[in-house]
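Let me begin by presenting the structure, written as structure tokens, before commenting on it.
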Amino acid sequence: MSSDFRNTITLSDAIRIGGPVSFNIMLKPAGSLCNLDCHYCYYLDKSDIYGGREPRMTLDMLETVVREYINANDVPEVQFNWHGGEPLVLGLDFYKKALILERKYAKGKTIHNTIQTNGTLITREWADFFAANDFLVGISIDGPEDIHNKYRKDKGGGPTFDRVLRGLDMLFRAGVQFNTMSTVNKASEGRGLEVYKFLKSLGSRFMQFMPVVEHVKFPLDKTGKPMKKARPHIVDPSEERAVLANWSVGDVAFGTFLCDIFDYWVRNDVGEYFVNQFDSALANWCGAQPGTCVYAQTCGGNAVIEHNGDLYSCDHFVYPEYKLGNIAVDNIRTMMTSPAQTKFGIDKRNTLPLKCFKCKYLFACNGECPKHRFNKTEAGETGLNALCAGYYKYYDHVAPYMDKMKELLDKKMPPSGIIPWARLRK
């Protein structure tokens with residue numbers, strides 16, 4: 001197979017680049033600052049980039065971010081995505097100020113706000129604020145108590161499950177829209193359906209499952225030996241002494257996790273409950289854009305702004321080599337449409353090993369996220385996704401159902417019409 005395609009862009013990217021400027025930016029006003037110490041958090045160690053200092057966005061920088069982000073987007077609706085670390089550590093007044101600035105610089109555009117939180121700091125006042133201002137709140141919770149508490153610890157190593165449920169209860173009572181973000185890690189293996197039903201019991205109708213596959217490096221003692229009891233740093237897999245973290249989910253185990261949930265969902269919950277992997281698969285089956293860059297052919301439209309205004313290509317690539325500039329001195333639009341960011345986006349496709357281009361499920365997977373592409377193929381090519389075997393199992397399992405739902409959609413019928421058909425299948 002010719003590799004000439006690796007120097008080209010896709011038609012969809014050509015349309016995107018030539019059309020109105022539109023992109024999403026994840027805003028990290030507290031940077032890596034967090035009140036928890038989750039084992040698998042890839043962002044806690046980003047403080048090293050800034051000398052280990054506690055990062056907090058100033059109000060002057062906040063105004064710059066709001067003004068420049070709104071101005072840089074040519075579309076009538078702009079979404080602010082507040083993330084961390086833990087964004088609530090900045091306090092309620094910070095976000096009240098953000099809303100004032102959004103209204104000041106909106107210029108007729110509709111502004112939406114989402115915020116991702118670990119839930120432990122939510123009070124009644126926070127919940128009322130979110131409800132009054134139509135925030136969509138993402139709650140990080142991994143599943144039932146033993147799964148959640150396995151790796152989601154506070155700074156003292158204590159459990160966090162009860163505090164998350166208290167925060168979630170306040171959101172529910174205030175009528176706040178929320179979804180759930182759950183990592184799939186070693187503790188989740190074999191318990192997919194249990195996790196799904198648990199999240200349903202909390203009232204979550206929109207669920208995001210994020211596989212955890214990371215590499216770590218332990219600090220060395222005076223003799224040069226790794227200190228296995230110390231907190232390791234999450235690092236790029238290519239770093240010397242990097243090893244796969246023991247809390248990483250297995251490839252086939254991740255596929256099984258999704259299949260177990262899907263088998264229940266497709267017979268009971270289509271159209272009522274939504275899972276990011278299922279929605280994205282159906283979109284790709286129908287030739288539409290998936291709702292997340294992870295399963296899109298290319299990426300580059302979802303960057304991250306740090307507390308000091310530094311702009312990076314992606315939340316998963318906050319490394320010096322992926323820094324595009326700083327919004328205090330560089331134009332956001334120029335950075336987001338720069339050759340560097342364009343290359344970052346199309347490299348998602350262009351750096352795939354040739355094995356992927358021979359796979360019948362490439363259209364659905366698209367190599368998943370580049371952060372997970374650190375394995376080698378049988379032929380020795382680099383860039384194979386570490387979860388490849390699991391994704392193949394999942395797509396092979398759901399293919400007949402996706403075909404049927406596509407058929408229903410082609411007939412202008414809702415996908416939920418698959419439920420009686422699915423119940424008849426073994």
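The values are calculated or read from the model by the stated rules, or taken from the named source; none is laboratory data. Quick caveat, the model's predicted, so the values are computed rather than measured. Backbone-built Cβ (ideal geometry, glycine too); neighbour counts: all protein chains shown. All accessible areas refer to the heavy atoms of the entire protein, side chains included, with ligands and DNA or RNA removed. Shrake-Rupley method; radii C 1.70, N 1.55, O 1.52, S 1.80 Å.
Assigning unit charges at the beta carbon (Lys, Arg +1; Asp, Glu -1) and nothing else, what dipole magnitude in debye, to the nearest 20, does the chain show about its Cα centre?
That gives the chain a dipole magnitude of about 480 debye.
Please report the antiparallel percentage of DSSP beta bridges with both residues in the chain, rounded to the nearest 5.
Here the share of antiparallel DSSP bridges comes out near 35 percent.
Suppose the chain between Ala399 and Lys109 were pulled fully straight at 0.36 nm per residue; how much longer would it get relative to their current alpha carbon spacing?
100.4 nm
Based solely on its DSSP helices, what 222 nm [θ] is calculated for the chain when runs of n ≥ 4 H residues each add -39,500 (n - 2.57) and the sum is averaged over all residues, nearest 500 deg cm²/dmol?
So the helix-based figure for the chain works out to -11000 deg cm²/dmol.
Treating only the Cβ atoms of Lys and Arg (+1) and Asp and Glu (-1) as charged, compute the dipole magnitude of the range 162-229 about its Cα centre; round to the nearest 20 debye.
That gives a dipole near 220 debye.
Using modelled backbone amide H atoms (1.01 Å from N, in-plane), which distant-in-sequence or interchain residues come within less than 5 Å of Gln79's amide H?
Those qualifying (amide H under 5 Å, at least 5 residues apart or on another chain) are His112.
Tell me, what is the per residue accessible area of the chain in Å², probe radius 1.4 Å?
About 46 Å² of surface per residue is accessible.
Calculate the FRET efficiency for Gln79 and Lys426 from the Cβ-Cβ distance with a Förster distance of 60 Å, rounded to the nearest 0.05.
After rounding, the FRET efficiency stands at 0.90.
Using a cut-off of under 11 Å, list every residue of the range 56-81 whose amide N is near the label point 7 Å from the Cα of Lys97 along the Cα-to-beta-carbon line.
Inside the label zone: 57-64.
Can you tell me the FRET efficiency between Gln177 and Lys197 if r is taken as the Cβ-Cβ distance and R0 is 22 Å, rounded to the nearest 0.05?
0.55
With a/c under 1.5 counting as rounded, go ahead and sort the range 209-362 into rounded, prolate or oblate using the C-alpha gyration tensor (a ≥ b ≥ c being the square roots of the eigenvalues; past the cut-off, prolate if a/b is larger than b/c, else oblate).
Judged from the Cα gyration tensor, the range 209-362 comes out oblate (a/c at least 1.5, b/c at or above a/b).
Give me the distance between the Cα centres of the range 97-124 and the range 243-269, rounded to whole Å.
Cα centroid of the range 97-124 versus Cα centroid of the range 243-269: 33 Å apart.
Suppose every K and R has +1 on its Cβ and every D and E has -1 on its Cβ; what is the size of the dipole of the range 304-426 about the Cα centre, in Debye to the nearest 20?
Roughly 780 debye for the range 304-426.
Using Cβ-Cβ distances only, list the Cys residues of the chain with no partner cysteine under 4.7 Å, sorted by number.
Cys34, Cys259, Cys286, Cys314, Cys356, Cys359, Cys365, Cys369, Cys388
Based on the alpha-carbon gyration tensor of the range 21-101 and its eigenvalue square roots a ≥ b ≥ c, which shape applies: rounded if a/c is under 1.5, prolate if not and a/b is larger than b/c, or oblate?
Prolate is the answer for the range 21-101, as a/c is 1.5 or above and a/b outweighs b/c.
Within 10 Å, count the other beta carbons around each residue, average over each peptide in 408-421, 148-161, 74-87, and list them highest first.
My ranking of the peptides, most packed first, is 74-87, 148-161, 408-421.
Please identify every one of the trypsin sites (Lys or Arg not before Pro) in the range 80-116 that sits in a loop by DSSP and has no more than 13 other beta carbons within 10 Å of its own beta carbon.
Sparse-neighbourhood loop trypsin sites (Lys or Arg not before Pro): Lys107.
For Val243 and Ala132, calculate 0.36 nm times their separation in residues minus their Cα-Cα distance, and state this gained length in nm to one decimal.
Length gained between Val243 and Ala132: 35.4 nm.
Obtain the nm distance between the two label points defined at Lys228 and Asp154 by a simple spin-label model: each point lies 7 Å from its Cα along the Cα-to-C-beta direction.
Each label point is offset 7 Å from its Cα along the Cβ direction, giving 3.0 nm.
Can you give the FRET efficiency for Asn326 and Thr292, using 1/(1 + (r/R0)^6), R0 = 22 Å, r = Cβ-Cβ distance, to the nearest 0.05?
Result of the calculation: an efficiency of 0.25.
Report the Rg/Rh value for the range 132-243, based on alpha-carbon coordinates and the Kirkwood definition of Rh.
1.08
Taking 8 Å as the Cα distance limit and 6 or more residues as the minimum spacing, I'd like the relative contact order of the chain as a percentage.
Relative contact order comes out at 16 percent.
By how many nm would the segment from Leu408 to Asp221 grow when fully extended, if each residue of separation counts as 0.36 nm and the alpha-carbon distance is taken off?
Value of the extension gain: 61.2 nm.
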